[in-house]
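Inspection log for the structure reproduced underneath, given as C-alpha cells.
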Amino acid sequence: MKTKDIVYIALFAALTAVLGLFPPITLPITGVPVTAQSLGPMLAGAILGARRGGLSIVLFLVLVAVGLPLLSGGRGGFGVMIGVTGGFIFGWAVTAFVVGLLIEKLWNKLNVVNAALSIAFGGIVVLYAIGNAWVAVAADISYWQATVGAAPFLIGDAIKVAIATAACLAVKRSYPLISKAG
Amino acid sequence: MIAGLYIDGASALHRATAGIKILAMMALGTGVFLIPDWPVVAVVLATVIALYPISGFGRHIIWAQIKPMIWLLLIFFAVQLWLNDWQAGLLVVLRIAAIVLFASLVTLSTKTSDMLASLDRAMVPLKPIGVNPEKVSLAISMVLRFIPVIATVASEIRDAQRARGLDKSILAMIVPLIIRTLKMADDVADAIDARSFDLD
C-alpha cells in the first residue's frame with residue numbers, strides 16, 4: 001500500500017467524522033432524524049473503491065471505539081457501538097466495501113443509474129440486512145419486525161444515495177481515483 | 001486534538017488495563033445474552049450501576065448514558081409486552097441497559113491514549129497477515145489532524161457558496177469539499193514520501 005493510499009484512507013475517515021458535525025435534519029411527519037454521517041461510507045466506497053474505502057471506515061470505527069466522540073451528536077465509545085443500533089455502525093465498513101466493489105466493477109461504464117443502484121445496494125440493502133439482524137437479536141424480535149421498525153429511515157437514506165451518486169460521478173469526472181489504482 | 005470521552009479518576013477501574021476492561025466487556029456482553037432469567041440480569045445491571053459511584057462517576061453521568069437509549073428501550077419493552085409478556089420485555093431492556101452501561105463505563109474510565117496503546121499491542125500478532133502497526137498509527141494521527149482541517153475547508157466552501165446563493169445545496173458543498181481535500185491529501189502524501197518516511 002502506497003503512502004497516498006494511507007492518506008486517502010485517513011482523509012475519508014476524517015470526512016466521515018466531519019459529516020457527523022452537521023446538525024441532523026428531522027423529517028416532517030415521521031420525526032425521524034437524518035444525519036449526514038452515513039454519507040461517509042457511501043462516499044468512501046464510491047470514490048476510493050472497496051479496499052481503501054472499507055479500510056477508511058474501519059479506521060473511523062477504531063477511533064470511535066477508543067473513545068473519541070466522532071459519531072453524530074458527539075457520541076462515541078463502546079456503549080454506542082455495542083448498543084442496539086451497533087449493527088448499523090459496524091455495517092458501515094461493509095457498506096463502503098460493497099459499494100466500492102460494485103463501483104470498481106462498473107467503473108468504465110458508470111452512469112447515474114448503475115452508480116445509484118450500487119450505492120443503494122451497499123448503503124441500504126446490505127446495511128439494513130446487518131443492522132436489522134443486530135436489532136432483532138438485541139431486542140429479541142423477529143427480523144421482519146426489525147425491518148418494519150427501520151423503514152422510516154429509508155427516506156433519509158434514499159436522499160443520501162442520490163447525493164452520494166451525484167458526488168461520485170462529479171468526482172469521477174474531475175478527480176478519478178479508482179482507475180488509477182488499477 | 002479532539003477530547004475523548006474519558007473522565008479522569010483514580011479508581012480501581014481507572015487503573016485496570018484497557019485490555020482487561022475490553023475482555024470483561026466482551027464477557028459481560030456474551031454472558032447476559034446467555035442468561036434467560038430477568039432477575040439474574042437485573043442483578044448484573046445493578047452491579048454495573050453500582051460501579052459508577054465506586055469509580056467516581058456521579059448520577060448525572062449515569063443518566064447521560066441512559067438518556068439516549070431510553071425511548072428505544074421503552075419501544076422494545078412495549079413490543080415484547082405485545083408479543084410475549086412483561087418478563088420477556090424486562091429481560092430485553094435489562095440486558096441492553098447492562099451491556100451499554102458497562103461498555104460506557106469502559107470508555108469513561110480509559111484514556112484514549114491507553115486504548116490506542118493496547119490497540120498497538122493487539123496488532124502485533126496480526127503482522128503476518130499484512131497489518132502494519134506503523135501504517136495504522138500514521139493513519140490515526142492523520143485522521144486527528146484532518147478533522148479540523150476539513151471542518152475549516154467546509155466552512156470556507158459554505159461561505160463561498162452562500163455568496164452564489166447555493167448554501168442550501170449539500171451537493172454544492174460536498175463535491176468541492178472532496179476535491180479540495182483530495183488535492184490536499186496528494187500534497188500530504190508527497191510531503192511524507194519526500195521525507196523518506198519508511199512504511200515497509
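Hey, could you check region B:159-182 for residues that are within 8 Å of chain A (Cβ to nearest Cβ) and over 15 Å from A:Ala14 (Cα atoms) and say which is surrounded by the fewest Cβ atoms within 10 Å (Cβ to Cβ)? Explain how you work it out, then say what you get.
Initial filter on region B:159-182 (within 8 Å of chain A (Cβ to nearest Cβ)): B:170-171, B:174-175, B:177-179, B:181-182.
Add one more test, that the residue is over 15 Å from A:Ala14 (Cα atoms), and what stays is B:170-171, B:175.
On the way: B:Ile170: 17, B:Leu171: 14, B:Val175: 22.
Ranking the candidates gives B:Leu171 first.
I'd like to check which helices (runs of 4 or more DSSP H) are fully inside region A:100-163 and have at least 3 residues that are modelled with pLDDT of 90 or more and within 23 Å of A:Ala46 (Cβ to Cβ). Write out each step before concluding.
Values: elements: A:112-120, A:127-139, A:143-150.
So the answer is A:112-120, A:127-139.
Residues that are basic (Lys, Arg) and under 18 Å from the mean Cα position of the chain (by Cα): which helices (runs of 4 or more DSSP H) entirely in region B:1-110 hold 1 or more of them?
Numbers: elements: B:12-15, B:18-34, B:38-54, B:59-66, B:70-83, B:86-109.
In region B:1-110, B:18-34 are the helices (runs of 4 or more DSSP H) which contain 1 or more residues that are basic (Lys, Arg) and under 18 Å from the mean Cα position of the chain (by Cα).
How many residues does region A:94-119 contain that are crowded, with 21+ Cβ neighbours inside 10 Å and either of a type in the set (Lys, Arg) or closer than 20 Å to A:Gly156 by Cβ (or both)?
Residues in region A:94-119 being crowded, with 21+ Cβ neighbours inside 10 Å and either of a type in the set (Lys, Arg) or closer than 20 Å to A:Gly156 by Cβ (or both): 7 in total.
Take the residues in region A:36-84 that are of a type in the set (Val, Ile, Thr) and either touching a Leu at 6+ places or on another chain (Cβ under 8 Å) or farther than 21 Å from A:Ala164 by Cβ (or both); name whichever of them is surrounded by the fewest Cβ atoms within 10 Å (Cβ to Cβ).
If we filter region A:36-84 for residues that are of a type in the set (Val, Ile, Thr), which is where we start, we get A:47, A:57-58, A:62, A:64, A:66, A:80, A:82, A:84.
When the remaining residues are screened for being either touching a Leu at 6+ places or on another chain (Cβ under 8 Å) or farther than 21 Å from A:Ala164 by Cβ (or both), the result is A:47, A:62, A:64, A:66, A:80, A:82, A:84.
Details: A:Ile47: 29, A:Val62: 18, A:Val64: 25, A:Val66: 26, A:Val80: 25, A:Ile82: 23, A:Val84: 23.
Once the filter is applied, the top-ranked residue is A:Val62.
Just name the residue that is nearest to the chain's Cα centre (by Cα) out of those in region A:146-165 that are without any contact (Cβ under 8 Å) to a residue 40 or more places away in the chain and crowded, with 16+ Cβ neighbours inside 10 Å. Full working, then the answer.
Initially, region A:146-165 is screened for residues without any contact (Cβ under 8 Å) to a residue 40 or more places away in the chain, giving A:146-151, A:154, A:158.
Going one step further and asking which of them are crowded, with 16+ Cβ neighbours inside 10 Å, we end up with A:146-147, A:149-150.
Numbers: A:Ala146: 20, A:Thr147: 18, A:Gly149: 20, A:Ala150: 16 Å.
Top of the filtered list is A:Ala150.
Of (1) outside any loop (DSSP other than H, G, I, E, B); (2) under 22 Å from A:Leu169 (Cβ atoms); (3) more than 9 Å from every other protein chain (Cβ to nearest Cβ), A:Gln37 satisfies all except one. Which?
(1)
Here is a yes/no grid of residues against (1) at the interface with chain A (Cβ under 9 Å from one of its Cβ atoms); (2) out of contact with any Gly (no Cβ under 6 Å at 6 or more places or on another chain); (3) more than 17 Å from A:Ile6 (Cβ to Cβ); (4) not hydroxyl-bearing (Ser, Thr, Tyr):
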position: B:Phe102; (1), (2), (3), (4): yes, yes, yes, yes
position: B:Leu105; (1), (2), (3), (4): yes, yes, yes, yes
position: B:Thr152; (1), (2), (3), (4): no, yes, yes, no
position: B:Ile157; (1), (2), (3), (4): no, yes, yes, yes
position: B:Ala189; (1), (2), (3), (4): yes, yes, no, yes
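For (1) modelled with pLDDT of 95 or more; (2) not in a helix (DSSP H, G or I), each residue gets a yes or a no:
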position	(1), (2)
A:Pro23	no, yes
A:Thr30	no, yes
A:Met42	yes, no
A:Gly45	yes, no
A:Arg51	yes, no
A:Leu55	yes, no
A:Leu61	yes, no
A:Gly79	no, no
A:Val84	no, yes
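Do we have B:Ala151 as over 24 Å from A:Ile57 (Cβ atoms) and either over 26 Å from the mean Cα position of the chain (by Cα) or without any contact (Cβ under 8 Å) to a residue 12 or more places away in the chain (or both) here?
Numbers: over 24 Å from A:Ile57 (Cβ atoms): no; either over 26 Å from the mean Cα position of the chain (by Cα) or without any contact (Cβ under 8 Å) to a residue 12 or more places away in the chain (or both): yes.
No.
Would you tally the residues in region A:1-34 being among the polar types (S, T, N, Q) and facing another protein chain (nearest Cβ under 8 Å)? Before you say what the answer is, go through the steps one by one.
Taking region A:1-34 and keeping what is among the polar types (S, T, N, Q), we get A:3, A:16, A:26, A:30.
Now drop any that are not facing another protein chain (nearest Cβ under 8 Å), which leaves A:3.
Residues that pass the stated criteria total 1.
Consider B:Val48 carefully, then state whether it is β-branched (Val, Ile, Thr), away from chain A (no Cβ under 13 Å) and more than 16 Å from A:Gly77 (Cα to Cα).
Working: β-branched (Val, Ile, Thr): yes; away from chain A (no Cβ under 13 Å): no; more than 16 Å from A:Gly77 (Cα to Cα): yes.
Considered against the rule, which asks whether it is β-branched (Val, Ile, Thr), away from chain A (no Cβ under 13 Å) and more than 16 Å from A:Gly77 (Cα to Cα), B:Val48 comes out as no.
Could you say which residue among B:Ala50, B:Ala139 is without any contact (Cβ under 8 Å) to a residue 24 or more places away in the chain, more than 30 Å from A:Arg51 (Cβ to Cβ) and among the hydrophobic types (A, V, I, L, M, F, W, C)? Break it down into steps so the answer makes sense when it comes.
On the way: B:Ala139 fails: more than 30 Å from A:Arg51 (Cβ to Cβ).
Just a single option satisfies the conditions, and that option is B:Ala50.
The values are calculated or read from the model by the stated rules, or taken from the named source; none is laboratory data. Please read all numbers here as calculations on a predicted model, not as lab measurements. Heads up, the Cβs are rebuilt from the backbone with ideal geometry, glycines too, and the neighbour counts pull from every protein chain shown.
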